[in-house]
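I have placed the structure first, in the form of structure tokens, so that the comments after it can refer back to it.
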Amino acid sequence: MPTDRRTTEQDDQLLALMGLGARSGKKSHYPELKRRLAELERVQALLDRAQDAIFVVSLPDETVEYRNEAALALRGGFGRGELRPLEEFLKGPDGRGLTIRSCFPAFPDGEERMILPLVTEKGVRRFEASFLAAETDGRLSGVLILRDQEDRIRAETRLAESLRQVEQARMRTVHLTATLVEIKDSYTGKNQRQAAGLAHAIGTGLGMTGDPLENLVTATLLHDVGMMAIPAEILCIPGPLRPVDRRLMEEHASIGCDILKKQGFPPEIYLTVLHHHERLDGSGYPEGLKGEDIPFGARIAGIADVTEALLSHRPYRPAWPLEKVLEELSGKKGVLYDPDGAEICIRLLEEGYTLDDQWFYK
């Protein structure tokens, strides 16, 4: 019959194209085709075992051409073979569908990453979204990979909150210690707070931020904590100290260092307390360090301490006038005082900076 003859011819042509049948004089390509299909199936099996959700989309229409099992499980209700736009798979917390364009407007210029909150079967969760577009044979496609980061982000948030609470407890300890010093000697307590404020201003002027600046301020706020071990009658002597009294007074730096070290304060703090009376030319105490052998924080705290002391009234002398303090800093920067820190301090005073013993609580 004609129909059967045409069907047979079509089958022969198909077999010939595959390299099979009597009409084919070519080597069969079927084994190679079978091998490549097996490779694709193996790759798909591997992708389906991945915990990350993977989408392959055509661009610019953003039709999903492939999604692995993790991608299908994000919200459920989709079959593997359905061709649907990506926005049907990805829903933001407000319920609206998300597109590649709305999340990564800069594609296809390299890989893009962002944290993306999505509605899932488990509720709203945050994902690290990675997208890369590529053009092959004139066809533009993109790969979107979503890695669930909700548990990690929550853990980091809890850690940050714990660290914040630890820092608050640490600062309460710092304030309590400074208050105890003030109870014994009001001049010393006020000096610590005002010097800490000035140290903060100098450090900021030098470009310090973060932990280095916080450590400088904390150390300056506690720089005279060792005074708690000095007899009150020595602290209040209305005149020059006797050599033996001065020797005992100078022990406050070492005592303060030991107190803070035993309480677990970091070296950046207790070494600043130990060396805040050192001077660049080696004339300071307790170790007579010179130049850059003096820790940087101690050099800045030392400038703040000296400046505050000179500008404030003491039982043994009246406060210095501003002009004389500026003269002291200008004449001895680079000799006794760190030149950069002293220059910032001079500028602050010339611009009208005033000592404030309440700045730390504002």
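The values are calculated or read from the model by the stated rules, or taken from the named source; none is laboratory data. Here the structure is a predicted model, which is why all the values come from computation and not from measurement. We place every Cβ from the backbone using ideal geometry, glycine too, and count neighbours over all the protein chains shown. Please note that ligands, DNA and RNA were not included when accessible areas were found on the heavy atoms of the full protein model with its side chains. Shrake-Rupley method; radii C 1.70, N 1.55, O 1.52, S 1.80 Å.
Restricting attention to the range 100-140, the residues that are touching a residue at least 12 places away in the same chain (Cβ under 8 Å) and open to solvent by 30 Å² or more (accessible area, probe 1.4 Å) total 20. Within this structure, Gly331 fails the test of being open to solvent by less than 50 Å² (accessible area, probe 1.4 Å) and of a type in the set (Gly, Ala, Ser). Which residues, taken from the range 277-307, are under 20 Å from Gly207 (Cα atoms) and part of a loop (DSSP other than H, G, I, E, B)? Ile294, Pro295, listed by residue number. With the requirement that a residue be in contact (Cβ under 8 Å) with a residue 60 or more places away in the chain and out of contact with any Asp or Glu (no Cβ under 6 Å at 6 or more places or on another chain), what does the range 147-167 give you? Asp148, the sole residue that qualifies.
Residue-wise test of (1) open to solvent by less than 70 Å² (accessible area, probe 1.4 Å); (2) within 34 Å of the chain's Cα centre (by Cα).
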position: Gly291; (1), (2): yes, yes
position: Pro295; (1), (2): yes, yes
position: Asp305; (1), (2): yes, yes
position: His313; (1), (2): no, no
position: Leu326; (1), (2): yes, no
position: Asp338; (1), (2): yes, yes
position: Leu348; (1), (2): yes, yes
position: Tyr353; (1), (2): yes, yes
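Taken over the range 218-265, the criterion of being open to solvent by 10 Å² or more (accessible area, probe 1.4 Å), β-branched (Val, Ile, Thr) and at pLDDT 85 or above is satisfied by Ile255, Ile259. Could you go through the range 108-115 and let me know if any residue there is touching a strand residue (DSSP E or B) at 6+ places or on another chain (Cβ under 8 Å), modelled with pLDDT under 70, under 25 Å from Ala134 (Cα atoms) and not acidic (Asp, Glu). Scanning the range 108-115 turns up at least one residue that is touching a strand residue (DSSP E or B) at 6+ places or on another chain (Cβ under 8 Å), modelled with pLDDT under 70, under 25 Å from Ala134 (Cα atoms) and not acidic (Asp, Glu). Among the residues in the range 41-57, are any modelled with pLDDT of 70 or more, closer than 23 Å to Glu135 by Cβ and loosely packed, with under 10 Cβ neighbours inside 10 Å? For the range 41-57, residues modelled with pLDDT of 70 or more, closer than 23 Å to Glu135 by Cβ and loosely packed, with under 10 Cβ neighbours inside 10 Å: absent.
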